[in-house]
Amino acid sequence: MTAKQLAAAAYETHRDDVFRFLVIGGLPPDLAQEAVQEAFLKLFTAYSQGEQIEHPRAWAYRVAYRFALKAMRPARQYELLDPARAPAAPGQDPETAMLNQERTMQIRKAFEELSPQQRQVLHLRAEGFRYQEIAETLEV
Amino acid sequence: MIHPDHEALLAEVTGGEPTSDTRQHLEICEDCRQMAAELQRQWEAYRVFHKGPMTEMLPQPPQPWEDLRPRMNTRSGNWQWMAIAAAMLLTVLAAWQYLRQPPSVSAAVLLVKAVAAAKTPNPARRIVVRSTRRTLVRPAVEAAAPDSEKDFRALFAEANYSWEEPLSAKSYQEWRGTLESATDHVEEIPAGAAGSEALYLISTSTTTGKIHHATLSLRQADLSPVLTHLEFPGETIEISPEPAPPPPPAATIVKAPTMEIPSPGPTASDELRVVAALHSLAADLGEPVVIERTAEAIRISMVGVSPERAATIRATLTQLPLVNVAAADLRPSALPPGPSANPAADRILALSDAVMARAFAIRNLEARFPNGDAMAPPDRDTLRVIFADHAQALEQKLNDLTAAVQPRLPTLTADPAPPTSKASPESLLAAARDLDQALNRAFASRADSQIEGVAEALAQLRAAVVAHRNHWSNQR
């Protein structure tokens, strides 16, 4: 595969995950989307220059995170998790649906109490990153 | 026996990098196995949230993903920066457009919530059905339609819309589910100055059914339906609740003092009674008990509360009027205290938790009753007592915490200029949270700089407590 094909394939596969990671970290959606695109363009450049990148997903997370840090300073406040977008649960009786909804809202509330970096750590762990990879991505 | 700490157990249950020591220990230690099992349950609950609701609730990319391949072709030298600048400009313009639009509410989600919130139908409730030809008043729920309604019944049956209960979110949802394709739109209608209530208006258009356009208006306060509008070919039908009869003249009321007055919905005073009852059980200190006041009742939901605790709370609250209690036990009863490698640190962190719980309680109370001073005198007194309880307990726990931490903080008493703080529950909570985080950082790193952070956070919280106390004395 060419550098362009490799980068485009990684972009198609991972862009939504990286986007969510940045938004969870506090970057407004428009800037997050731009940072994701820039990260994958940088991935293309790296491939073009002959760099061997074993884990393009982790690489993209790391580079996007650096873009995000630069863009973070003037970031606006916005609602991270909008309950109105909570998914429907077809087939559940009303009481179960209500209780599940309550539970989701409690986890949401707890999640929003975390710092942006804590949320990102949790996100990466749930995405299957190992501790070492999380530390490298977040540079902690 | 040396027990593994929570981090090691968490690594084990989340598939991290557990040590062989941890695994061997779990084989022989029942307490740690239980703790690991509990962590596993919490972790699974988060993963369910992560894969499902969280993904849906997060903002979506404001623009469709761009095909980057053309930009890869031109990606070199100075053009790179110009491309970035141009893209940023376009993004800012696009974001401006995006932010101007009000947030959308999904019709499907709203209907699910409305169905879940629906009450058992009141057999006495009646509705008005208006078509272009005639107007009909009938019970809201009607298992068998009389012959006088057979034209309506046939029309609704053909359109797959329930004639049995035509004014309900469930009927609208079921009809919508039968459509092969449809376009929904949700509009939020604010309350009017003349007393009209805030509404959600769900509109559905389709080309595949007998009803080509329909709307359902839901009251925002309790998601109860107030109007269904259905457009059939050549016929439009509107369904609404039968208006309440006009109140009798004042003179009639004077002459008939025994006349039954309809029970009004719950008031802030009723809600305060619920809060006070929970306070008497110490159930307002972070337990997962949610209070929601609707037009008809005060709903209490408890998720994850042990069965015994839920029974106690239920028994207390069901004595109060207009209260509905729902509970789900989604976790086992409380675990026994885990093994501790550092009892002094555990005690300090427990005290910090207690301080946080009180600060949360004060903030929540203020948010729930922002106009407490305008309440009736008995309610005002009740509220004052609860506030005072929390404030006193917070100060006591803070004193205990200071005494426990002070020997480890040589710089604490060296600071000649105590900080000042704004008097607000939010400042109090923020200061408590900062202290908790500083303590956690200090115990994790043991670096001198982190210990100084604790000293600063402790002083800041004390300043916030003093500011809150002074404000309290002046205002209340």
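Spacing of the modelled spin labels on B:N122 and B:S20, each 7 Å from Cα toward Cβ, amounts to 7.1 nm. Would you mind checking the pairs A:K109/B:K119; A:K42/B:K51; B:K51/B:K119; A:K4/A:K42 and listing those with alpha carbons more than 20 angstrom apart? Check vs 20 Å cut-off fails for A:K109/B:K119; A:K42/B:K51; B:K51/B:K119. Seen against the Cα atoms of chain A and their longest principal axis, helix A:56-72 is set at about 80 degrees. Sorted on the mean count of surrounding Cβ atoms within 10 Å across their residues, most packed first, peptides B:280-287, B:233-240 read B:280-287, B:233-240.
Provide a whole-number value for the mean count of partner chain Cβ atoms within 10 Å of the Cβ atoms in peptide B:36-48. If you can, show how the numbers build up before the last one.
On the way: counts 0, 0, 0, 0, 0, 0, 2, 3, 0, 4, 6, 3, 4.
Partner-chain Cβ atoms within 10 Å, mean over residues of B:36-48: 2.
Which residues in region A:24-46 have a backbone N closer than 17 Å to a point placed 7 Å from the Cα of A:A9 along the Cα-to-Cβ line? Answer for region A:24-46: A:40-41, A:43-46. Annotation: lysines with alpha-carbon distance below 18 angstrom to B:K150 (same-chain offsets under eight excluded): B:K210.
What are the semi-axes of the equivalent ellipsoid of region B:107-241, taken as the square roots of 5 times the eigenvalues of the Cα gyration tensor, listed largest first and rounded to whole Å?
Details: eigenvalues 96, 69, 42 Å².
After diagonalising the Cα gyration tensor, the semi-axes are 22, 19, 14 Å.
As a calculated quantity, the FRET efficiency between B:A326 and B:Q42 at R0 = 25 Å, using C-beta atoms, amounts to about 0.65. Using a probe of 1.4 Å, the accessible surface attributed to A:M105 totals some 40 Å² when neighbouring protein chains are kept in position.
Candidate cross-link partners of A:K70 among the aspartates and glutamates, defined by an alpha-carbon separation under 16 Å and a same-chain spacing of 8 or more, comprise A:D30, A:E34, A:E38, A:E139. Rounded to the nearest 100, the interface formed by chains A and B buries 5300 square angstrom of accessible surface, both chains summed, with a 1.4 Å probe.
One compactness figure for region B:6-56 is 1.28, namely its Cα radius of gyration divided by 2.2 N^0.38 Å. The mean number of partner chain beta-carbon atoms within 10 angstrom of a residue's beta-carbon across peptide A:24-33 is 5.
Report the calculated FRET efficiency for B:A145 and B:E188 (r = Cβ-Cβ distance, R0 = 30 Å), to the nearest 0.05. Efficiency at R0 = 30 Å is approximately 0.30. Using R0 = 51 Å, the C-beta based FRET efficiency linking B:A403 and A:E54 works out to 0.45. Rolling a 1.4 Å probe over the protein heavy atoms leaves A:T45 with an accessible area of roughly 40 Å². Mean per-residue shielding of peptide A:123-129 is 3, counting Cβ atoms of other chains within 10 Å of each Cβ.
For region B:345-411, the alpha carbon positions stretch 49, 20, 15 Å along the principal axes, listed from largest to smallest.
Not counting the cut sites, what is the longest span of chain A without trypsin sites (Lys or Arg not before Pro) that DSSP labels loop and that have at most 15 other Cβ atoms within 10 Å? Longest run free of exposed loop sites: A:1-75.
Taking a point 7 angstrom from the Cα of B:K170 along the C-beta vector, which residues in region B:137-157 have backbone N less than 13 Å away? Of the residues in region B:137-157, B:141-143 have backbone N under 13 Å from the label point off B:K170. Convex hull volume of the C-alpha atoms in chain A, normalised per residue: 134 Å³. Shown here for region A:15-62: GluC sites (Glu not before Pro) in loop regions (DSSP other than H, G, I, E, B) with at most 13 other Cβ atoms within 10 Å, namely A:E51, A:E54. With K and R counted +1 and D and E -1, the other residues having a Cβ less than 12 Å from that of A:H55 yield a net charge of 0.
The values are calculated or read from the model by the stated rules, or taken from the named source; none is laboratory data. Not measured: the values here are computed from a predicted model. Note that we place each Cβ from the backbone using ideal geometry, even for glycine, and neighbour counts take in every protein chain shown. These area figures cover heavy atoms from the full protein model, side chains too; ligands, DNA and RNA do not enter into them. Shrake-Rupley method; radii C 1.70, N 1.55, O 1.52, S 1.80 Å.
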